[in-house]
Amino acid sequence: MEIQLWRELLDPYQLAVDELIVKFNHVITEHRTRGLYSPIESVEGRLKSIDSILEKMKRKDISMNEIEEKMEDIAGIRLNCQFVEDIEKVVKIVEQRSDMKVKCVKDYIKHVKASGYRSYHMIIAYTVNTIDGPKELSAEIQIRTMAMNFWATVEHSLQYKYKENIPDNIQRKLIDASQAIVQIDQAMSDVRDEIMDAQNSHQRKENMVKDILNNIQNLYRVANKREVAKIQDEFYKVYMLDDMMQLQHFASQLDIISEGYQTQSLT
Ligand code: 0O2
């Protein structure tokens, strides 16, 4: 296929990857700005390389004009979670969205691959708008814990090096490592509540400090500078006390002052 035709074929998939990265990152932001724990920890995305497309076409006997219909992972999104329990929450988030439709799922967590690979895959139908109009295409969403991701990333690079023929002794070690990953995920799940509590209170504090600083910055524009400098000094003192109740009280007082000046921060 001519280079220009590859471009035309792949451009909408690149657009889908770009859009989906923005959308899922926004899911993280929405949780965090509301002081909520985000079941998605991080988002990655990639357009399948032409080399990888050609290799899969050969392996699965797919012809050029069947690519769009049969190759469902040209646009790939990976949603990394901290805990195994987060995966089903992320699955629900995807299922409930109105801008994508789940076509099928592959649960390699319940049905671990012979290689030791664990991950939850969803194939979605997603519409992008191009200069030729709307175009529906398939994209693959891989949902896994960070520990599963570590294993898959390392194993994937070995697959690349050895093609289909990873030596037996390395393969056995990878399967052992995959089982160790299950134990790591289990151990992390056991302290999940503790970790989530710590992260939530850290996030709440971070949001509060951000609001306070925004309010102070806005006040500088309209209020007496010396008064605002005093408020700022007071903030540093309260912050140093490392007491959430006092910080909360300070934030509420500052909100009242900002309201008076109609400069209340929106963030
Ligand atoms: P890349 O570089 O991400 O494009 P296939 O596994 O490709 O024969 P299918 O049904 O299309 O068949 O997809 P499947 O099994 O759901 O897997 C698609 C993707 O999942 C792979 O893409 C990998 O990213 C990942 N994956 C599946 N099995 C394994 C595995 O054993 N180890 C690792 N590390 N990743 C796996 P590509 O095309 O391999 O790679």
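So which residues in segment 38-75 are among the hydrophobic types (A, V, I, L, M, F, W, C) and over 24 Å from Asn25 (Cβ atoms), if there are any at all?
Answer for segment 38-75, where residues must be among the hydrophobic types (A, V, I, L, M, F, W, C) and over 24 Å from Asn25 (Cβ atoms): Ile50, Ile53, Leu54, Met57, Ile62, Met64, Ile67, Met71.
What pairs come out if I take residues in segment 86-112 that are over 25 Å from Lys70 (Cβ atoms) and pair them with residues that are crowded, with 18+ Cβ neighbours inside 10 Å and aliphatic (A, V, I, L, M) whose C-beta lies under 6 Å away, six or more apart or interchain?
What qualifies is Ile87/Ile143; Val90/Ile40; Val90/Leu79; Val90/Ile143.
Do you know which residues across segment 52-105 are open to solvent by less than 20 Å² (accessible area, probe 1.4 Å), of a type in the set (Asp, Glu) and within 13 Å of the ligand (Cβ to nearest atom)?
Within segment 52-105, just Asp73 meets the criteria.
Inspect segment 75-82 for any residue being more than 20 Å from Ser42 (Cα to Cα), of a type in the set (S, T, N, Q) and modelled with pLDDT of 95 or more and give the result as yes or no.
Checked against the condition, which is being more than 20 Å from Ser42 (Cα to Cα), of a type in the set (S, T, N, Q) and modelled with pLDDT of 95 or more, segment 75-82 yields no hits at all.
I'd like to check something: does segment 199-217 contain any residue that is more than 30 Å from Arg34 (Cα to Cα), more than 13 Å from the ligand (Cβ to nearest atom) and out of contact with any helix residue (DSSP H, G or I) (no Cβ under 6 Å at 6 or more places or on another chain)?
Within segment 199-217 (the criterion being more than 30 Å from Arg34 (Cα to Cα), more than 13 Å from the ligand (Cβ to nearest atom) and out of contact with any helix residue (DSSP H, G or I) (no Cβ under 6 Å at 6 or more places or on another chain)), the answer is no, since none of the residues qualifies.
Take the residues in segment 108-139 that are over 19 Å from Ile74 (Cβ atoms) and open to solvent by 70 Å² or more (accessible area, probe 1.4 Å), then tell me which one is nearest to the ligand (Cβ to nearest atom).
So the first thing to find is which residues in segment 108-139 are over 19 Å from Ile74 (Cβ atoms), and the list is 108-118, 120, 131, 133.
Then keep just the ones that are open to solvent by 70 Å² or more (accessible area, probe 1.4 Å); that gives 110-114, 131.
Numbers: Lys110: 14, His111: 11, Val112: 10, Lys113: 5, Ala114: 8, Ile131: 27 Å.
Among those that are over 19 Å from Ile74 (Cβ atoms) and open to solvent by 70 Å² or more (accessible area, probe 1.4 Å), it is Lys113.
Pairs needed: first member in segment 155-171, over 15 Å from Ser52 (Cβ atoms); second member anywhere, open to solvent by 60 Å² or more (accessible area, probe 1.4 Å); C-beta distance under 8 Å; at least 6 residues apart or different chains.
Close Cβ pairs (under 8 Å, with a partner that is open to solvent by 60 Å² or more (accessible area, probe 1.4 Å)) amount to Ile166/Gln159; Ile170/Tyr162.
Anything in segment 196-240 that is over 34 Å from the mean Cα position of the chain (by Cα) and either open to solvent by 60 Å² or more (accessible area, probe 1.4 Å) or among the aromatic types (Phe, Trp, Tyr) (or both)? List them, or say none.
Of everything in segment 196-240, those that are over 34 Å from the mean Cα position of the chain (by Cα) and either open to solvent by 60 Å² or more (accessible area, probe 1.4 Å) or among the aromatic types (Phe, Trp, Tyr) (or both) turn out to be Tyr220, Arg221, Val222, Asn224, Lys225, Arg226, Glu227, Lys230, Asp233, Glu234, Lys237.
Being touching a helix residue (DSSP H, G or I) at 6+ places or on another chain (Cβ under 6 Å) and within 21 Å of Leu47 (Cα to Cα) narrows it down to one of Ile143, Ile181, so name that one. Can you show your working first?
Values: Ile181 fails: within 21 Å of Leu47 (Cα to Cα).
That would be Ile143, the only listed residue that is touching a helix residue (DSSP H, G or I) at 6+ places or on another chain (Cβ under 6 Å) and within 21 Å of Leu47 (Cα to Cα).
Which numbered condition trips up Lys48, out of (1) away from the ligand (no atom under 12 Å from the Cβ); (2) under 24 Å from Met146 (Cβ atoms)?
For Lys48, the failing item is (1).
The values are calculated or read from the model by the stated rules, or taken from the named source; none is laboratory data. Source: prediction; values computed, not measured. Reconstructed Cβ throughout: ideal geometry from the backbone, glycine too, with neighbour counts over all protein chains shown. Just the protein is used for accessible areas: all its heavy atoms, side chains included, with ligands, DNA and RNA removed. Shrake-Rupley method; radii C 1.70, N 1.55, O 1.52, S 1.80 Å.
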